[in-house]
Amino acid sequence: MKKIITTVSAMTLTAPSGATKESQPVVQDNYLEDLEFIYASEESFKGSGFIDLSVEKTVLLTHDADNSGDITVGDKLKYTIQVHNLDDVEASGVSLLDFLESKIELNLGTVAVTQGVVISGNDFMDDTDVVYLDFGTIASNWFALVNFDVTVTNLEPGLNVISNSAEAYGPSGSFFLSDDPTTPGYDPTMVDAYGAYPDLIFTDGFEFRGSGGF
């Protein structure tokens, strides 16, 4: 990724006193010659917040407790998040925070990472609604992975949408929100789930539907 810094020299136009617009001479300054393009090396931006990260989050149904074929209370899901350093320099101090919505609970002790330290999510005293970890330094053009299991615990009758996004923080506090790579556009990771009365599915009155399904 090349960053371009430009500088432009000042240009002043003057006209004799009392001159009309039509009689004013056209004064041109060849300012394009004064444009200075500085192609900074990637090392110049190391730690400055310009390092580009991508964050992708996917979900799978791993345990269908009632064999219904749908996501219902008691089922287990596995979330996988990939944080990819897209630049040619290492990204230091990369961390990830994931707040889970009230429909699901983290299965404590299931948070697995390819590098770094799990700050919250693996201890029996940790909250069941947050995953927090420190990836440390991600090498240039490389990635770090985390996955964890959740249980569906709280659904309203009929159609529900379980929606979730992870937040990654890069050098100098740069912020990146996760995307679901399995669906078009830039969006949270969403799946349809069904509450009580599995034979009664409400299709009206819901503004959003999940971006995925099983």
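The values are calculated or read from the model by the stated rules, or taken from the named source; none is laboratory data. Everything numeric in this text was worked out from a predicted model, so none of it was measured. Heads up, the Cβs are rebuilt from the backbone with ideal geometry, glycines too, and the neighbour counts pull from every protein chain shown.
Does segment 202-211 include one or more residues that are out of contact with any helix residue (DSSP H, G or I) (no Cβ under 8 Å at 6 or more places or on another chain) and modelled with pLDDT of 95 or more? Please lay out each step first, then the result.
Of all residues in segment 202-211, those out of contact with any helix residue (DSSP H, G or I) (no Cβ under 8 Å at 6 or more places or on another chain) come to 202-211.
Applying the additional criterion that residues be modelled with pLDDT of 95 or more yields none.
Looking through segment 202-211, none of the residues is out of contact with any helix residue (DSSP H, G or I) (no Cβ under 8 Å at 6 or more places or on another chain) and modelled with pLDDT of 95 or more.
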Exercise. Which numbered condition trips up Asp149, out of (1) under 18 Å from the mean Cα position of the chain (by Cα); (2) assigned to a strand (DSSP E or B)?
Worked result: (1)
Exercise. If you scan segment 95-133, which residues turn out to be without any contact (Cβ under 8 Å) to a residue 40 or more places away in the chain and more than 27 Å from Leu155 (Cα to Cα)?
Worked result: Val113, Thr114, Gln115, Gly116, Val117, Val118, Ile119, Leu133
Seminar exercise, completed: Of the candidates Asp52, Asp70, Asp64, Asp98, the one satisfying the condition of being of a type in the set (D, E, K, R), under 19 Å from the mean Cα position of the chain (by Cα), surrounded by fewer than 20 Cβ atoms within 10 Å (Cβ to Cβ) and closer than 23 Å to Asp180 by Cβ is Asp52
Seminar exercise, completed: The condition from (1) assigned to a strand (DSSP E or B); (2) surrounded by 17 or more Cβ atoms within 10 Å (Cβ to Cβ) that Asp134 misses is numbered (2)
For this session: Considering only residues that are aliphatic (A, V, I, L, M), at pLDDT 95 or above and buried (at least 20 other Cβ atoms within 10 Å of the Cβ), look in segment 73-90 and name the one that is farthest from Thr153 (Cα to Cα).
Result: Val83
Seminar exercise, completed: For segment 76-95 the number of residues that are part of a strand (DSSP E or B) and more than 15 Å from the chain's Cα centre (by Cα) is 6
For this session: Could you tell me which numbered condition Glu156 fails, if it satisfies all but one of (1) exposed (fewer than 15 other Cβ atoms within 10 Å of the Cβ); (2) under 17 Å from the mean Cα position of the chain (by Cα); (3) over 18 Å from Gly109 (Cβ atoms)?
Result: (2)
Exercise. Are there any pairs with C-beta distances below 6 angstrom linking a residue in segment 53-75 that is in a strand (DSSP E or B) to a residue that is basic (Lys, Arg), with the two at least 6 apart or on different chains, and if so which?
Worked result: Leu60/Lys78; Thr62/Lys76; Thr62/Lys78; His63/Lys76
Exercise. Considering segment 177-192 alone, what residues qualify as being part of a strand (DSSP E or B) and touching a Ser or Thr at 6+ places or on another chain (Cβ under 7 Å)?
Worked result: Leu177, Thr189, Met190
Exercise. When residues of segment 129-146 are filtered for being of a type in the set (Val, Ile, Thr) and at positive phi, how many remain?
Worked result: 0
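One line per residue, one yes/no per condition, for (1) farther than 24 Å from Asp187 by Cβ; (2) in contact with an Asp or Glu (Cβ under 6 Å, 6 or more places away or on another chain); (3) acidic (Asp, Glu):
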position: Phe124; (1), (2), (3): yes, no, no
position: Asp127; (1), (2), (3): yes, no, yes
position: Val131; (1), (2), (3): no, yes, no
position: Thr137; (1), (2), (3): yes, yes, no
position: Trp142; (1), (2), (3): yes, no, no
position: Asn147; (1), (2), (3): no, no, no
position: Glu156; (1), (2), (3): no, no, yes
position: Ser163; (1), (2), (3): no, no, no
